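These notes are about the structure you will find just below.
Any read-out appearing in this document is the output of simple, stated calculations on the displayed coordinates, not a laboratory observation. What you see is a predicted model; the values in this text were computed from it and never measured. Please note: Cβ atoms are built from the backbone with ideal geometry, for glycine as well, and neighbour counts cover all protein chains shown.
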Amino acid sequence: MTTTLSSTDLRADILALKKERNAVILAHNYQIAEIQEIADYVGDSLGLAFRAQETDADVIAFCGVHFMAETAKMINPEKTVVLPDANAGCSLEDSCPAEDLSAFLEENKEKNYYVITYINSSAAVKALSDVICTSGNAVRIVEAAPADRPILFVPDQNLGAWVSQQTGREMDFWNGNCYVHVEFTRDSIQRIKDEYPDAVTVAHPECTTAVRLLADVVCSTEKMVDFCKETESQNIIIVTEANMLHRLRREVPDKNLIPGPTDNCACAECRYMMMNTMEKLYLCLRDLSPQVQLDETTRERAKAPIMKMLELSK
């Protein structure tokens, strides 16, 4: 279904619907500029999980990808959780089907793995996990893991490798990655560093080891905001999904923020995050659809490691 509303009309109608529905709009840092600007809260996965836990709204409109909206529903089963596009998925989530993880754990049950799962995963995978983490708290979560059990880190092998280096904890990694962050290469980042020799470089830990080694700082998107505010450098190369630059430029307007290029383009955008539009946000609030629905048994099992993460992250 389509509308003929202008962007100004859409913004006004979204705000009116939000009030009518007693809704809150949560948006990930990788959402388009217009959605970031209308959201009640813009943040990374950890911050959004806390906001979903705290909200007293009746409706949560989650502008991100499907696993994020699922997480909000796990914490708030009594609330209506909608997302603009139900097809907004995630390559990391796709890399680890629940049936594959379940089979692997069964085949290796004698190892008694402590399963630490990156939040970029399905509810069914979270239900097989001991605790969830985000890029913002992964080091803390791994440091809190029991010393007498081997860790299986699922599904991002790049984040897992970085956390292992930070903590000194050996782990086994699932063979998964974010298709956006692996588009950044050593050569593409070195070229932009050569163009701005006085710039500092901040990269997301989902990047490959070769890219992380070129960065001055490796951190979550939320911590990128603090880094950009605090660094004395005027030129900062940002190596993560391109829409993060919009939030950074709003909050750090006095710095020259340079998108990290890939070998194929000047910046990298997540095709899944880009599926959400203002029109789809309007329609999902109007129709309360598409809604996130979870099997109650899966939801309860998945909620436990999410709540454990939130408790360890306070």
**Prompt:** In the chain, which helices (entire DSSP H runs) extend 27 Å or more along their own long axis, judged by Cα positions, while averaging at least 1.6 on the Kyte-Doolittle scale?
**Reply:** none
**Item:** Centre separation in Å (Cα based) which lies between the stretch 90-136 and the stretch 230-270
**Value:** 31
**Asked** Counting only residues 5 or more places away or on other chains, whose amide H sits under 5 Å from the amide H of Cys63 once H atoms are built in the peptide plane?
**Response** Leu26, Ala27, His28
**Request:** Give the long-range amide H neighbours of Tyr118: residues separated by 5 or more places, or on another chain, with amide H under 5 Å away, using H modelled in the peptide plane at 1.01 Å from N.
**Result:** Cys133, Val154, Asp156
**Asked** Just going by the charge dipole of the chain, with Lys and Arg at +1 and Asp and Glu at -1 on Cβ, which of Phe104, Tyr118, Met74 is farthest out on the positive end?
**Response** Met74
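Of the beta bridges DSSP finds with both residues in the chain, what % are antiparallel, to the nearest 5? All intermediate terms of the calculation are to be shown ahead of the outcome.
Numbers: 1 of 33 bridges.
If I count the DSSP bridges inside the chain, around 5 percent turn out antiparallel.
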**Prompt:** Taking Lys19 as the anchor, which lysines have their alpha carbon closer than 20 Å to its alpha carbon, excluding any fewer than eight residues away along the same chain?
**Reply:** Lys79, Lys280
**Request:** Can you tell me which of 26-34, 242-250 comes out highest on packing, and rank the rest after it, using the mean Cβ neighbours within 10 Å?
**Result:** 26-34, 242-250
**Item:** Lys, Arg +1 and Asp, Glu -1 on Cβ, resulting dipole of the chain about Cα centre, debye, nearest 20
**Value:** 420
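Would you list Val239, Val217, Val82 from fewest to most Cβ contacts within 10 Å?
Numbers: Val239 28, Val217 15, Val82 25.
Ordered by Cβ neighbours within 10 Å, fewest first: Val217, Val82, Val239.
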**Asked** Looking at Ile258, Gln234, Ala138, which one has the Cα that reaches farthest to the positive end of the dipole of the stretch 125-268 (charges on Cβ: Lys, Arg +1; Asp, Glu -1)?
**Response** Ala138
**Asked** Which lysines have a Cα lying under 30 Å from the Cα of Lys193, excluding residues fewer than 8 positions away in the same chain?
**Response** Lys223, Lys229, Lys255
**Message:** If amide hydrogens are placed 1.01 Å from N in the peptide plane, which non-local residues have theirs closer than 5 Å to the one on Tyr179?
**Reply:** Ser91, Leu92
**Asked** Given (1) 23.4, 75; (2) 19.4, 60; (3) 18.6, 54, which label gives Rg and Dmax of the Cα atoms in Å as computed from the coordinates?
**Response** (2)
**Fill in**
Neighbour-count ranking for Leu105, Leu15 (other C-beta within 10 angstrom, fewest to most) reads Leu15, Leu105
**Fill in**
Partner aspartates and glutamates whose C-alpha sits under 20 Å from that of Lys111, ignoring same-chain residues fewer than 8 away, are Glu99, Asp100, Asp130, Glu143, Asp148, Glu170, Asp172
